[in-house]
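Single-structure report; data block below.
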Amino acid sequence: MNNNEKQTDNQSPNQTEQETRENIWNRILWYGLGEGFIKVGTIIVTIILCGVVLVFASRHYLQEREPVRVENINPEKAAESFTDAFLPYYSPVVPEDEKFYLSQGLYRISDNHTNLPMKARYQVQRYTVQENDTVIGIGEQFNLSPSTILWGNPYTLSDDPHALRAGMEINILPVDGVYYEWHDGDGLNGVADVYKVTPEDIIDFPANGLSRETIGDYSNPNIRAGTWLVIPGGSRSFVNWSAPLITRENPAVASIYGPGACQAVTDGPLGSGTFVWPTSEHWISGYNYDEATNHRAIDIAGSLGNPVYAADAGVVVYAGWNNHGYGNVVMIDHGNGWQTLYAHLDSYNVDCGYYVFQGDTIASLGSTGNSSGPHLHYEMRYNGTPINPNNFY
C-alpha cells in the first residue's frame, strides 16, 4: 500500500462529508448559480419564519371571543348588566388587589388646592403693612411696581420708602399708575398731561366712576373736589426728600434741610476722588440703590454703635438732625464736586466746618429717623446728582 492510500484510509468520515459538500458548492459557483441559490434560500427561510409568527399570533391574539349575552335587558336595570365587569385600579392609597366596578366610575384622589389665574382688579384696596415689609415686596405681592406703591400713598409715604411702618394702612392700586386727589380748578387735560396719559384713560377706568356722557367740559369737568382718581399707566417725578446740594462755599442752603447748617468755608482738604467703604460691615440690609423706589443710596447693615468712616477727605458741611426722616446726619463736601452723606446715625463726633480725612471715624451707626433697624444710609452725589455707590465699591 502506498502513502496516498494510507492517507486516504486515515481520513475520518466527517472530513470526507465536508470535502463532498465543498465540492458540490464549488460546482454550483462554477456554473454561476451561487447568488441565486442564496436568494432562494433566504426567501424560503423568511416564509418559514412568517408562518411561525402567524401561527403564534393566531393562538394568542386572534382567537374570536364569545360575545357576552345579556338576556331580558330592562332599561331601568341597564346599568346592572355591567356590574359583573370590573376595572383593576391601583392608587397609593388603595391596595393593589382592590377592584372597582365600572358602574362606580374611575377613582380620583381629591386635591383641595386649585391654582386660579389672577383676576383683574378695578378697585383700590387697603393693606396693613407687616413686619419686614418693603415697597418692593408689597409691589411683588400685588403685581405692581414699587413706584406705584409710593405714588398710591402720596401723603402717607411722601415718596420715602423708609416711611413704611408695620401696622400702617396703605392704598393698593388695582393697576400700575398714580393716585390723585382732585382739586377745585383742575382740568382733565392738564392732569392727564402731568401724568402722561390721556383724559379718556382717566374717564374710562371703572374705579373712577366717571362717564363720557356726564363728564362735561374737560376744562371744568363734573368731578367733586376731594375725589381720589386712579390714573392708570400714569407716572410722575418723585418728591426729593433727600438732602439738597450743600457745598463748603454755600452751606447755608442746609438750613432748609434741618438745624445743622454751617458757616461758609473757603479752604480745607480736598478729596482724592477715590472712596473707602464707610463702615465696618460689608453687606446691604434694607434697600439698595434703586430709582424705582426713590432710594438713591445704599443701606449698609451693622450693629448699633459700629464706626462710620469718612469715605474721602473733605469738610463737614452739615452735622445735625434732619427733619425729613434721615435722623442724625453728617454730610461732607470733598471740594471736587463730590459730596457724601451718612444718615440714621446714633451719634456723631464732628461738627460744621470740621476738616476730615479719608478713613476718619466721624460717627456711630444707628437707627434714628425713619429707620426700622440699625443701618447706615449712605449717599454719593456729584454736583448735586445722585450717583450709585455700587459703581465705586
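A few points about this structure:
- The sole residue among 143, 171, 153 that is modelled with pLDDT of 85 or more and at positive phi is 143.
- Residues (farther than 20 Å from residue 314 by Cβ and part of a loop (DSSP other than H, G, I, E, B)) located in the stretch 368-387: 368, 369, 370, 371, 372, 373, 374
- Scanning the stretch 247-306 for residues that are closer than 17 Å to residue 371 by Cβ and either among the hydroxyl-bearing types (Ser, Thr, Tyr) or modelled with pLDDT under 80 (or both) gives 258, 279, 285, 286, 287, 293, 303.
- In the stretch 301-314, of all residues being assigned to a loop (DSSP other than H, G, I, E, B) and among the hydrophobic types (A, V, I, L, M, F, W, C), the one that is nearest to residue 268 (Cα to Cα) corresponds to 313.
- Positions within the stretch 280-300 being under 21 Å from the mean Cα position of the chain (by Cα) and in a loop (DSSP other than H, G, I, E, B), in sequence order: 285, 286, 287, 288, 289, 294
- Candidate set from the stretch 321-365 (those that are part of a loop (DSSP other than H, G, I, E, B) and polar (S, T, N, Q)); member that is surrounded by the most Cβ atoms within 10 Å (Cβ to Cβ): 358
The values are calculated or read from the model by the stated rules, or taken from the named source; none is laboratory data. Remember, predicted model here, so these are calculated numbers, not experimental data. Using ideal geometry, Cβ is built from the backbone for each residue, glycine included, and neighbour counts are taken over all protein chains shown.
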